[in-house]
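Undergrad: Structure below; questions to follow.
The values are calculated or read from the model by the stated rules, or taken from the named source; none is laboratory data. As the structure is a prediction and not an experimental result, all values here were calculated from the model. Don't worry about glycine lacking a Cβ; one is built from the backbone with ideal geometry, like all the others, and counts go over all protein chains shown. The area values use the complete protein model at the heavy-atom level, side chains included, leaving out ligands, DNA and RNA. Shrake-Rupley method; radii C 1.70, N 1.55, O 1.52, S 1.80 Å.
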Amino acid sequence: MTMATLKAKKPVIDEANNRLKLMLAGPPGVGKSLAATQFPKVYFIDSERGAEGRDYKQSIIDGGGDYLGVDDGGADPDEVL
């Protein structure tokens with residue numbers, strides 16, 4: 001029997017790449033989409049039409065963010081990449 005090798009290592013701070021990348025998961029209705037729209041300069045990829053409402057889009061606008069909706073390719077993995 002072989003032991004598993006741990007792959008964790010000391011973190012290195014890269015000042016050139018300091019933007020937060022975040023994926024939220026949870027049950028419907030807990031506020032994932034609304035919370036995500038409130039980040040400043042968010043790039044919101046809406047793959048499930050969860051942020052199509054006026055309040056969501058207004059929050060993105062107020063924070064200076066951008067929105068990629070389903071109709072723009074937000075649900076297409078190739079387009080998102």
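Undergrad: Return the total of residues in segment 26-61 being under 13 Å from the mean Cα position of the chain (by Cα), among the charged types (D, E, K, R) and within 18 Å of ALA75 (Cβ to Cβ).
TA: At the first step, the residues of segment 26-61 found to be under 13 Å from the mean Cα position of the chain (by Cα) are 32-48, 50-51, 60.
Adding the requirement that they be among the charged types (D, E, K, R) leaves 32, 41, 46, 48.
Imposing the further condition that a residue be within 18 Å of ALA75 (Cβ to Cβ) reduces the set to 32, 46, 48.
Qualifying residue count, segment 26-61: 3.
Undergrad: Are any of the residues in segment 23-43 touching an Asp or Glu at 6+ places or on another chain (Cβ under 7 Å) and at pLDDT 90 or above?
TA: yes
Undergrad: Next question, about the same structure. Only one residue in GLY26, GLY74 is open to solvent by less than 70 Å² (accessible area, probe 1.4 Å), free of Cβ contacts under 8 Å to residues at least 12 places away in the same chain and part of a loop (DSSP other than H, G, I, E, B), so which one is that?
TA: On the way: GLY74 fails: free of Cβ contacts under 8 Å to residues at least 12 places away in the same chain.
Of GLY26, GLY74, the one residue that is open to solvent by less than 70 Å² (accessible area, probe 1.4 Å), free of Cβ contacts under 8 Å to residues at least 12 places away in the same chain and part of a loop (DSSP other than H, G, I, E, B) is GLY26.
Undergrad: Within the set of pairs 6+ apart or on separate chains, which have a first residue in segment 33-50 that is among the basic types (Lys, Arg), a second that is part of a loop (DSSP other than H, G, I, E, B), and C-beta atoms under 8 Å apart?
TA: The qualifying pairs are LYS41/GLY63; LYS41/GLY64; LYS41/GLY65; ARG49/GLY69.
Undergrad: Applying the selection to segment 36-63, what residues are open to solvent by 50 Å² or more (accessible area, probe 1.4 Å) and within 20 Å of ARG19 (Cα to Cα)?
TA: Scanning segment 36-63 gives GLN38, PHE39, PRO40, LYS41, TYR43, ILE45, ILE61, ASP62.
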